[in-house]
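The values are calculated or read from the model by the stated rules, or taken from the named source; none is laboratory data. Since we're looking at a predicted model, the values are computed, not measured. Methodologically, a virtual Cβ is constructed for each residue, glycine included, from the backbone with ideal geometry; neighbour enumeration extends over all protein chains shown. With ligands, DNA and RNA removed, areas are computed over all heavy atoms of the protein, side chains included. Shrake-Rupley method; radii C 1.70, N 1.55, O 1.52, S 1.80 Å.
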Amino acid sequence: CGGRPVELLRQAVDSIRTQTLGAFTVILVKHDDVDLTSIVGDLSGRIESFVEVEALGGHRAETLIAGLGMIETEFFAILDDDDFWLSDHIESLFSAAATADPAFDVVYSGTVAVARTPTEVGIDLYWNRNIFTFGLEQHLSRVVDVTKAFMSNCFVARTALLPPDLDSLSGLETAEDSLLVAILVRNKRPVFSYKATAFFRRGYDGASDWQTHASRSRDLDALRLRT
């Protein structure tokens, strides 16, 4: 967080606060100097504590690594400051995992894109909230077949799956979340909840430029090689 209005971050945090299951430590990684007093002072709902981490000037991989390095809980999830969850996101993930594989590594949901420009979903019918990802293809042949089914905010994973050397995630300025997913799911197929409970915004002011970033082509090549 740090590049968007604090009020937007508050919406993301409130979507954690109102979860129907769980107790949360919220790790706020700041890539810019921002006063979060109004947010960290509210320990209500499901939030037990806040941790503020400074990664001033850090790019996407550097801020991700800084946050992952502060995790002390058995499970973790990621939520960008312009994303949010439905209130049953975490409960539906753990419910699906309990049914399919109690010893799961990763469990994930479908995602919904909240677009600034609506999509025509029927004749003269436009809607700005549409399913973006929803599960894996049945026959997987490449790692990208897995990572393209994940947005960074849709999964819960066991912290023990993180590499002992988090700096191994560095070197990418984009696609760092896909590299992380590839590492997390390397042992077994992730469990799918068959719900779309994770939301992200597209096309709004302050949006990341990862798709047009100068290093994007190089990062994709590195991702393919490293996974």
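The figures follow:
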item	result
Looking only at segment 85-138, and only at residues there that are in a strand (DSSP E or B) and of a type in the set (D, E, K, R), the one that is most open to solvent (accessible area, probe 1.4 Å)	116
Output for segment 35-55, where each listed residue is outside any strand (DSSP E or B), of a type in the set (A, V, I, L, M, F, W, C) and closer than 26 Å to residue 160 by Cα	55
Unique residue being touching a helix residue (DSSP H, G or I) at 6+ places or on another chain (Cβ under 7 Å), over 30 Å from residue 99 (Cα atoms) and either open to solvent by 60 Å² or more (accessible area, probe 1.4 Å) or assigned to a helix (DSSP H, G or I) (or both) when the list is 223, 180	223
Residues of segment 56-77 that turn out to be buried (at least 19 other Cβ atoms within 10 Å of the Cβ) and part of a loop (DSSP other than H, G, I, E, B), as a count	1
Of all residues in segment 122-152 being under 15 Å from residue 110 (Cα atoms) and of a type in the set (Gly, Ala, Ser), the one that is farthest from the chain's Cα centre (by Cα)	135
Of the criteria (1) surrounded by 19 or more Cβ atoms within 10 Å (Cβ to Cβ); (2) out of contact with any His (no Cβ under 7 Å at 6 or more places or on another chain); (3) assigned to a loop (DSSP other than H, G, I, E, B), which one residue 187 fails	(1)
Residues of segment 152-177 classified as within 27 Å of residue 214 (Cβ to Cβ), in contact with an Asp or Glu (Cβ under 8 Å, 6 or more places away or on another chain) and open to solvent by 30 Å² or more (accessible area, probe 1.4 Å), total	2
Selection count where residues are charged (D, E, K, R) and farther than 26 Å from residue 174 by Cα, scope segment 33-64	4
Whichever residue in segment 1-27 is over 19 Å from residue 198 (Cβ atoms) and hydrophobic (A, V, I, L, M, F, W, C) and, among such residues, is least open to solvent (accessible area, probe 1.4 Å)	6
